[in-house]
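S.K.: Sending over a structure as structure tokens; questions will come in a sec.
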Ligand code: GAR
């Protein structure tokens, strides 16, 4: 399963996916292309260092969202991409894009959805006084962080946490969970019944997906 990874920032999740692929823990998924909507994103350097096509498609260069998405789809098609991973990609995709990859677009979000969707989820959890938060990997639908949940890991919120410290601890879990989900999806171990997603046991990251 050829995967396109969409990024906007530092790309630590991309780094985790690349490391999993190098370790043989992503197969049968392979990362075919990395696309950033932000020029100069550190994620592009990570992709290039791993020998992956690293492409910038700057959303600001397009007249509207539809034109931006047409460019994304063309680049993904060029690399024969079959599934898309949003790894810190901070643009909302329209249903036109999403319908091109039915149940083949996953996003990682630093909270236990449906709590704290959108931007700055760790700060939202702190401001709310939550005692536990975590990471969610989910299918992407037309909403903001609303699609069917594939897997989650909980992370306790500590009294001394600020948003950066909390996000860092969430990312430790996120960097394990996201590659495990991508591998399971590629291996055909993910079943969907309406909103309820089941991941069959097995695979390199199986202990993450309980
Ligand atoms: C990740 O923690 C991801 O969950 C979050 O952005 C971070 C990107 O980090 N995404 C969202 O908040 C989406 N709503 P990275 O660029 O180092 O992978």
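The values are calculated or read from the model by the stated rules, or taken from the named source; none is laboratory data. The structure displayed is predicted, hence computed values, not measured ones. We place every Cβ from the backbone using ideal geometry, glycine too, and count neighbours over all the protein chains shown.
S.K.: What's the number of the condition residue 132 fails, among (1) loosely packed, with under 15 Cβ neighbours inside 10 Å; (2) in contact (Cβ under 8 Å) with a residue 12 or more places away in the chain; (3) under 30 Å from residue 73 (Cβ atoms); (4) more than 13 Å from the ligand (Cβ to nearest atom)?
M.R.: Against the list (1) loosely packed, with under 15 Cβ neighbours inside 10 Å; (2) in contact (Cβ under 8 Å) with a residue 12 or more places away in the chain; (3) under 30 Å from residue 73 (Cβ atoms); (4) more than 13 Å from the ligand (Cβ to nearest atom), residue 132 comes up short only on (3).
A quick yes/no check of all residues on (1) surrounded by 20 or more Cβ atoms within 10 Å (Cβ to Cβ); (2) under 21 Å from residue 82 (Cα atoms); (3) modelled with pLDDT of 95 or more; (4) touching a strand residue (DSSP E or B) at 6+ places or on another chain (Cβ under 9 Å):
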site	(1), (2), (3), (4)
120	no, no, yes, no
125	yes, no, yes, yes
138	yes, yes, yes, yes
163	no, no, yes, no
168	no, no, yes, no
177	yes, yes, yes, yes
183	yes, yes, yes, no
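S.K.: Another question, then. Any idea which residue in the stretch 99-118 is surrounded by the fewest Cβ atoms within 10 Å (Cβ to Cβ), counting only those that are touching a helix residue (DSSP H, G or I) at 6+ places or on another chain (Cβ under 8 Å) and assigned to a loop (DSSP other than H, G, I, E, B)? Before you say what the answer is, go through the steps one by one.
M.R.: If we filter the stretch 99-118 for residues that are touching a helix residue (DSSP H, G or I) at 6+ places or on another chain (Cβ under 8 Å), which is where we start, we get 100, 104-106, 108-111, 115-116, 118.
Then keep just the ones that are assigned to a loop (DSSP other than H, G, I, E, B); that gives 100, 104, 110-111, 115-116, 118.
Values: 100: 17, 104: 17, 110: 25, 111: 23, 115: 16, 116: 24, 118: 11.
Per the stated criteria, the residue is 118.
S.K.: Next question, about the same structure. Is it the case that residue 89 is part of a helix (DSSP H, G or I), touching a residue at least 24 places away in the same chain (Cβ under 8 Å) and buried (at least 18 other Cβ atoms within 10 Å of the Cβ)?
M.R.: Details: part of a helix (DSSP H, G or I): no; touching a residue at least 24 places away in the same chain (Cβ under 8 Å): yes; buried (at least 18 other Cβ atoms within 10 Å of the Cβ): yes.
Criteria not met by residue 89.
S.K.: Also, quick follow-up: So residue 96 clears everything in (1) part of a loop (DSSP other than H, G, I, E, B); (2) out of contact with any strand residue (DSSP E or B) (no Cβ under 6 Å at 6 or more places or on another chain); (3) more than 22 Å from residue 44 (Cα to Cα) except one condition, right? Which one?
M.R.: It fails just one condition, (1).
S.K.: Can you tell me which of (1) crowded, with 22+ Cβ neighbours inside 10 Å; (2) in contact with a strand residue (DSSP E or B) (Cβ under 9 Å, 6 or more places away or on another chain) is the one residue 20 doesn't meet?
M.R.: Residue 20 satisfies every listed condition except (2).
S.K.: Continuing with the same structure: Does the stretch 74-86 hold any residues that are surrounded by fewer than 15 Cβ atoms within 10 Å (Cβ to Cβ) and either in contact with a helix residue (DSSP H, G or I) (Cβ under 7 Å, 6 or more places away or on another chain) or part of a helix (DSSP H, G or I) (or both), and which are they?
M.R.: Scanning the stretch 74-86 gives 74, 77, 78.
S.K.: Can you pull out every residue in the stretch 1-26 that is in a loop (DSSP other than H, G, I, E, B), more than 15 Å from the ligand (Cβ to nearest atom) and either out of contact with any helix residue (DSSP H, G or I) (no Cβ under 7 Å at 6 or more places or on another chain) or within 20 Å of residue 74 (Cα to Cα) (or both)? Talk me through it step by step, then tell me what you get.
M.R.: To start, the set of residues in the stretch 1-26 that are in a loop (DSSP other than H, G, I, E, B) comprises 1, 8-11, 23-26.
Narrowing further to those that are more than 15 Å from the ligand (Cβ to nearest atom): 1, 23-26.
Once the filter is applied, which keeps residues that are in a loop (DSSP other than H, G, I, E, B), more than 15 Å from the ligand (Cβ to nearest atom) and either out of contact with any helix residue (DSSP H, G or I) (no Cβ under 7 Å at 6 or more places or on another chain) or within 20 Å of residue 74 (Cα to Cα) (or both), the stretch 1-26 yields 1, 23, 24.
S.K.: So if I check each of 102, 117, which one is within 30 Å of residue 170 (Cα to Cα) and within 16 Å of the ligand (Cβ to nearest atom)? It would help to see each step written out before you state the result.
M.R.: On the way: 102 fails: within 16 Å of the ligand (Cβ to nearest atom).
Result: 117 is the single residue among 102, 117 that is within 30 Å of residue 170 (Cα to Cα) and within 16 Å of the ligand (Cβ to nearest atom).
S.K.: Could you tell me whether the stretch 171-190 includes any residue that is part of a loop (DSSP other than H, G, I, E, B), within 16 Å of residue 112 (Cβ to Cβ) and touching a residue at least 40 places away in the same chain (Cβ under 8 Å)?
M.R.: First, the residues of the stretch 171-190 that are part of a loop (DSSP other than H, G, I, E, B): 187-189.
Imposing the further condition that a residue be within 16 Å of residue 112 (Cβ to Cβ) reduces the set to none.
Scanning the stretch 171-190 turns up no residue that is part of a loop (DSSP other than H, G, I, E, B), within 16 Å of residue 112 (Cβ to Cβ) and touching a residue at least 40 places away in the same chain (Cβ under 8 Å).
S.K.: Follow-up question, since we're still on this one. Pick from the stretch 35-58 the residues that are in a helix (DSSP H, G or I) and touching a helix residue (DSSP H, G or I) at 6+ places or on another chain (Cβ under 8 Å): which of them is farthest from the ligand (Cβ to nearest atom)?
M.R.: In the first step, residues of the stretch 35-58 are kept if they are in a helix (DSSP H, G or I); the result is 42-49.
Of the ones still in play, those that are also touching a helix residue (DSSP H, G or I) at 6+ places or on another chain (Cβ under 8 Å) are 43, 46-47.
Values: 43: 6, 46: 9, 47: 12 Å.
Only one residue tops the list, namely 47.
S.K.: So residue 145 clears everything in (1) within 14 Å of the ligand (Cβ to nearest atom); (2) more than 13 Å from the chain's Cα centre (by Cα); (3) not in a helix (DSSP H, G or I) except one condition, right? Which one?
M.R.: (2) is the only condition that residue 145 fails.
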